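Rule-based calculations on the coordinates, nothing more; no lab input. Computed from a prediction, not measured in an experiment: that's the story for all the values here. Glycine also receives a Cβ, built like all others from the backbone with ideal geometry; neighbour counts cover every protein chain displayed.
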Amino acid sequence: MKDAEFARVLRDEYPTAYRLSRALCGAKLADRITRSVLGKSGRASARWRDETAGADWVRHHTILECRAAMDAADPNRYANRDPIEFRAFLKSMLALPVQQREAFFLTRCEHLILRDVAVAMDCSNTAAQQHLNAADAALNALAGSDSRRIVEMLIAAYKADVPAAASWIEHIVRAKVRRKWLGRFWKLILFAAVAALVYMALRAQRIWDF
């Protein structure tokens, strides 16, 4: 993958990684999780076939890190949302199984297609659809006839106030470039050393043959 493509994957997927981390684990952990995932992407990008593979990797590893951090998630992360009925709706999200929450946020808030949701969650398309259906049913039962308006409020809150990350994303890109050129440098040194050894061996053989 070219450096420009790698940088584009990070810039495009950073908002999703941050929003998903914040929704699942709270703002206190969102920055840490997002930096951790994107920080590991430089080495992982050697296995990416294209930008789609890169986006898949970032979303999937964001989900994995959120699951690992779930025990430390802020239990009051939805407590200060207004109005009161919206606050109750958000708190009810915490009662859903985590995979239902993941499917809901990835589909309803990030607007990903089912294939991308399944890849992020590491499950089949059928399982992802089942998790989404269960989440929709539970939340619609809670909100009743007001469910469309409440979900629209949730999507707006989900997407709000994503911090800028340009500076540290560029740092990750530069670190990847440095590693790539350093790797090439050491390969060149190794090639030169092997060539020198072969040359000396051949020269020594000529001397002995003489």
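Distance between the 7 Å Cα→Cβ label points at D12 and D31: 2.7 nm. For K91, the aspartates and glutamates whose Cα falls under 19 Å of its own Cα, not counting residues fewer than eight places away in the same chain, are D71, D74, D82, E102, D136, D146, E152. Here the residues H111, H61, H131, ranked from fewest to most Cβ neighbours within 10 Å of their Cβ, fall in the order H111, H61, H131. Here the label points at N133 and R47, each 7 Å from Cα along the C-beta direction, are separated by 3.3 nm in the simple model. Using Cβ point charges alone (K and R +1, D and E -1), the dipole size of segment 13-153 about the Cα centre works out to roughly 300 debye. In order along segment 55-64, phi translates into HN-Hα couplings of 5, 4, 4, 4, 5, 5, 6, 5, 4, 4 Hz, rounded to whole numbers, per the Karplus curve 6.51 cos²θ - 1.76 cosθ + 1.60 with θ = phi - 60° and x for Gly and Pro. Could you tell me how far the Cα centroid of segment 1-23 sits from the Cα centroid of segment 124-164, in Å? First find each Cα centre; the distance between them is then 23 Å. Calculated FRET efficiency, R148 to V98, Cβ-Cβ distance, R0 = 25 Å: about 0.50 to the nearest 0.05. Put a dot 7 Å past the Cα of A160, heading toward its Cβ, do the same for R87, and the two dots end up 1.4 nm apart. With neighbour counts taken as other beta-carbon atoms within 10 Å, the residues I63, I172 rank, fewest first, as I172, I63. Taking other C-beta atoms within 10 Å as the exposure proxy, Y14, Y158 rank Y158, Y14 from fewest upward.
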